[in-house]
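Asks: Below is the structure I would like to discuss, written out as C-alpha cells.
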Amino acid sequence: MNTIHHLATSAVLAGLGGMAVAAPTIYENRNAFDLAAGPQFIETFESTPPGDLALPTAFASGLQVSRPVGTVDVYVGSADVYDFTNTTNPGRHYLAFGRDNAVGGPQTGSYTAQFAFQNATDAFGFDISGFEPLLGAQGFSVTTFLNGQIAEDFFVPAAGYFPVRFFGFVTDAAFDTVRLNIPVIGFEGHADYVAFDDVVWAVPAPGGAAVLTLAGLAAARRRRK
C-alpha cells in the first residue's frame, strides 16, 4: 500500500462520547485507496460537453464544482494542452482549471478548486494532471467542511512535475465539501493549471450516514474547544 500519513496531528479524542478522530490517511495509489474507501460514486465528466462552466456547476453524478478563490477559467476540456490528461477508459473529457487567454496571456494567481457532495462522506480521490508543485509550494493544502464548518485542514506534499497522478484520502472526520488550494507555480505569479478526472467519493454504508454525521460533529466540537 502506497500511502503518505498526514504529518500534523495524530489521533485525538473528539470529546463526543469519547469518539476518536484520526488524522486522514493520504493515498497516491488508486487501488489501495479503493480498498480503504469501499463503494464509491464517480464523476468522469464524459456526459458534459466541452466548454466553460457557469459556477457553481452540478454534474449528473451529484458532484458540485466551484472556485471560491481565484479567477482562472473553469471548463470541461478534451484537447491535449498543458499536459491535461483524460483518465477515463474509454473517454476524452476532463475538468480543467486555468488556460492561456488569446488576449492577456497566462492567467495568474493561486486559486481554490471546490468539490461538494449531496451527502457526507469520509473518502475522496481524483486523478490530477498538469500539476507543477515543484515550482510552487511543493504540494497543496486541503480543507474539508461539514455543514459549512471546517472539519479538517491539512497539507499534501507533492514534489516534482508529472503529467498525471492519483491523490486521495480517507478520514474519520465526515465532510460534504472539499477545497483544494492550488498555489502559483512560482514563475511571474502564473497560475498552476491543472485538470481533474475520475473524481470519486465514498458511498456511506447503510446506516453509515448517521455515523459520519456524529464523527463530523465530534470534529467540529474538537475544533471549537
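Asks: Among the residues of the range 182-220, which ones are under 16 Å from D122 (Cβ atoms), crowded, with 22+ Cβ neighbours inside 10 Å and either at pLDDT 95 or above or within 21 Å of the chain's Cα centre (by Cα) (or both)?
Replies: V199, V200, W201, A202, L212, A215, G216, A219
Asks: Working only within the range 91-103, note down all residues that are part of a strand (DSSP E or B) and under 16 Å from F45 (Cβ atoms).
Replies: Matches in the range 91-103: Y94, L95, A96, F97.
Asks: Okay, next question. Modelled with pLDDT of 95 or more and closer than 23 Å to A137 by Cβ: which single residue out of F124, F41, F45 fits that description?
Replies: F124
Asks: Just checking, how many residues over the range 146-164 are without any contact (Cβ under 8 Å) to a residue 60 or more places away in the chain and surrounded by fewer than 19 Cβ atoms within 10 Å (Cβ to Cβ)?
Replies: 6
Asks: Inside the range 54-82, can you point out the residues that are over 19 Å from the mean Cα position of the chain (by Cα) and on the phi > 0 side of the Ramachandran plot?
Replies: Y82
Asks: Something else about it: Name the residue that is nearest to N89 (Cα to Cα), counting only residues in the range 41-63 that are part of a loop (DSSP other than H, G, I, E, B) and polar (S, T, N, Q).
Replies: Filtering the range 41-63 for residues that are part of a loop (DSSP other than H, G, I, E, B) and polar (S, T, N, Q), the one nearest to N89 (Cα to Cα) comes out as T44.
Asks: Just give me the residues in the range 67-84 being in contact with a Pro (Cβ under 6 Å, 6 or more places away or on another chain), part of a loop (DSSP other than H, G, I, E, B) and either at pLDDT 95 or above or not charged (D, E, K, R) (or both), in sequence order.
Replies: S78
Asks: Considering only residues of the range 22-38 that are of a type in the set (A, V, I, L, M) and within 16 Å of the chain's Cα centre (by Cα), which is surrounded by the fewest Cβ atoms within 10 Å (Cβ to Cβ)? Walk me through it before giving the result.
Replies: Residues of the range 22-38 of a type in the set (A, V, I, L, M): 22-23, 26, 32, 35-37.
Now narrow it down to the ones that are within 16 Å of the chain's Cα centre (by Cα): 26, 37.
Values: I26: 24, A37: 22.
The extreme case among them is A37.
Asks: Being in contact (Cβ under 8 Å) with a residue 60 or more places away in the chain, under 19 Å from P24 (Cβ atoms) and small (G, A, S): is that true of A96 here?
Replies: The answer is no for A96.
Asks: A further question follows. All but one of (1) surrounded by 18 or more Cβ atoms within 10 Å (Cβ to Cβ); (2) at pLDDT 95 or above; (3) of a type in the set (S, T, Y) hold for S61, so report the exception by its number.
Replies: (1)
The values are calculated or read from the model by the stated rules, or taken from the named source; none is laboratory data. All values derive from a computational prediction rather than experimental measurement. Here the Cβ is made from the backbone with ideal geometry for all residues, glycine too, and neighbour counts use every protein chain on show.
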